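The values are calculated or read from the model by the stated rules, or taken from the named source; none is laboratory data. Fair warning: this is a prediction, and the values are worked out from it, not measured in the lab. Backbone-built Cβ (ideal geometry, glycine too); neighbour counts: all protein chains shown. Ligands, DNA and RNA are stripped out before the accessible areas are found, and what is left, the full protein with its side chains, is counted by its heavy atoms. Shrake-Rupley method; radii C 1.70, N 1.55, O 1.52, S 1.80 Å.
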Amino acid sequence: MKNYILTTALLAMALTACKTNEDPSDGIDNNAMDTAVMNNDDNDTQQFATNDQEPVRRYSNEDAQRLRSDFSNAVAVENDRATQVKGWTVYSTVNADLEELRNTPDEKVMTSTQQLRADYNILMSTIPAYLMVDDVRDAIADVNKEITEFEKEVAIPTTTRKENMENLEEIQEAYDDLAKEIAQARAKYVDNQEDAMEEYLEEINNIDDKKTTMQRYEDAAVEYNEELDSN
């Protein structure tokens, strides 16, 4: 599953790179790396048909540098923490939900808790493909675990406000850890992406091994991920 997600992300990234009429200032806002890129651009999609008779698009280091810049600009970092992620606004919404819960009267805590859960479910189901790395996914799971514990405690009538606040702090600490992991993932990508993209380009441009286009993308994604993880 992880390799499929990375393949999809990198395939969409490549499609984004080969658009010549697109405003470069757009970066990857609105999840430009998402598979919607493939669905919305018939001309580009045709270049990646698995039919070996179709022309094959080759990618250069210039393309790689553009993708590196896109990722770098997508994640805003302050004090070693990710503060915003373009196209993933729910990341900021959840933080706002936690702040609201800290100031919510006891009689409205359940309603605010339900809103937190709804927003966090959206967050988990819309993780940008380029953030689907182990450390970030583990941090997301840790936050979910803390929210689940909070939901159980809130549902108990005898739970005091003090206990609720302590549980909220546990969620906030886990969310802060997530912010750090996203920032570290960004730094790792920017620092090591050049070597990883070199491996990716080598695989994707290899048209002499009788593989289909999609097979080359799958192999390229594996090489790309392994190179990032090795640094």
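The modelled label-to-label distance between R81 and A187, using points 7 Å beyond Cα along the C-beta direction, is 1.5 nm.
How many Å² of accessible area per residue for the range 74-190, probe 1.4 Å?
Details: 6150 Å² over 117 residues.
It amounts to 53 Å² per residue over the range 74-190.
The radius of gyration of the Cα set in the range 74-190, together with its Dmax, comes out at 14.5, 49 angstrom.
Atom-type composition of the exposed protein surface of the range 74-190 places 46 percent of the accessible area on carbon and sulfur (1.4 angstrom probe).
Give me log10 I(q)/I(0) at q = 0.33 Å⁻¹ for the range 85-134, Debye formula, one equal scatterer per alpha-carbon, no solvent. So the normalised log intensities are -1.22. Modelled this way, with points 7 Å down the Cα-to-C-beta line, the labels at A155 and N121 are 1.3 nm from one another.
Its convex hull of Cα atoms gives the range 108-156 a direction-averaged projected area, equal to a quarter of the hull surface, of 3.3 nm². In this rough spin-label picture, where each label sits 7 Å from Cα along the Cβ direction, the A141-N205 distance is 3.8 nm.
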